[in-house]
């Protein structure tokens, strides 16, 4: 039953009339019949009778009465609770098969709390309100479905996740292997460090800090990604472990934990050493790795000195292949970057010349950026023109080494996609706030990191669904729109009700993309 406006009157004096209409089905066809004619719309509006009728009818609608009372200040209301993110990410959590995986891992174990619920809560917190577990306990109290979780539940769940991390990664990969193609021919790997507030331990050590916090103990976190941008696994290393020492464990992870066959490892230059490349080849894997331009004599004197045309792959991205004995190198050039490098060097040399004339050379020699252009003579320190000219060969250039059969352009493009891992680290350490970490036990630290990894999986799943639906929204906008959907708790006549707030901006489209129907505007609590 609904209201309908119908045009009537004469051609010279038409009027709109308001009717109450009922739909019904007859002989398989939908028809309508008029229940009541309420009169001319302009007269109903002008005399105020329509407002009176609506107000009178509203007295018989429990939903409208509750919504109206919810606006009054003297009604008993509970705390507003976050609802939108729970609806979306719980659906994605279920689609990943995590409830079933966690159920299998808890068979025969008698936890006094719902550990699967707390695992989801840890991942959701890392996405929405990343902070310490102490603050997380207070936050979860105000999220629909996460009530009753204590700090001790969070700590015990971190230990559980650390204990079963490998099994969960294997199960996730096995359940969704079709997402990564049958072969997973490209595997990206990179590392970063994240620091701690606290004392050193077997895992937490002082080391080279990519956070620029050498005064803090840290761990090193590695992430394995597929060509399609899916996080496959994460690994936690000692804080003082160098990248170059991790390749052996990466090979075991790829071939053992993930049971992958013939794949190509795509690695940054920090992992490059002849021993590592030999180990990769001996394991039956292929590689595409970055190499250091200035430190390797073969690159400086043989690779970069060979002439030959570049092949244009995309705008500002050109490549050429260079063979040195049995080794295959790919020289990559960004012409726009080369122009910037040349301009920055000219600016630096001008500053250097000015400083030499005013302050002397002692402090400048201690600066590595300046020292490469300086020449120490018996009588003075001056700019070395030959060193400045030699730097030009590095402008806009980086070099790869590979043993694959991929074409030059395809191999170079594959290496460029290593940015997916770099973005994953930004997601882990910035929006997901993996740092700083306050856990006291190394086991809890690993569980904390793995909770952030599961959050990264959820984020990746949502971003891919939004991209497929053509929704290009900044991540902060997605979270803000979802977070605008809240549940208001209301007690009326001894009965508890939940009122859903309005859907703001793109909230409805995000819910629709994930396959979640918005909750009713008002629902009675059982």
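Derivation of every value follows stated rules applied to the coordinates shown; laboratory data play no part. The structure displayed is predicted, hence computed values, not measured ones. Positions of Cβ are generated from backbone atoms using ideal geometry, with glycine treated the same way; all protein chains shown enter the neighbour counts.
Taking the centroid of alpha carbons for each part, the range 169-241 and the range 310-347 are 30 Å apart. In summary, the convex hull built on the alpha carbon positions of the range 196-296 has an orientation-averaged projected area of 7.7 nm².
Normalised by the number of residues in the range 2-60, what is the relative contact order in percent for Cα pairs under 8 Å and 6+ residues apart? Walk me through the numbers before you get to the answer.
Numbers: 74 pairs, mean separation 14.5, N = 59.
Relative contact order comes out at 25 percent.
Contact order for the range 474-524, expressed relative to its length and based on alpha carbon pairs under 8 Å spaced 6+ residues apart, stands at 35 percent. Rounded, prolate or oblate for the range 113-233? Axes are the square roots of the Cα gyration tensor eigenvalues, ordered a ≥ b ≥ c, and the cut-off for rounded is a/c under 1.5. The shape class here is oblate. Shape summary of the range 2-60, radius of gyration then Dmax from alpha carbon positions: 14.0, 42 Å.
Annotation for the range 90-133 versus the range 475-519: alpha-carbon center distance of 22 Å.
In the range 474-524, one over the average inverse separation of all distinct C-alpha pairs is 12.0 Å, which is the Kirkwood hydrodynamic radius. Scoring 406-412, 343-349 by mean Cβ neighbours within 10 Å over their residues and listing the highest first yields 406-412, 343-349. Taking the inverse of the mean reciprocal distance over all distinct Cα pairs, the Kirkwood hydrodynamic radius of the range 268-358 comes to 15.9 Å.
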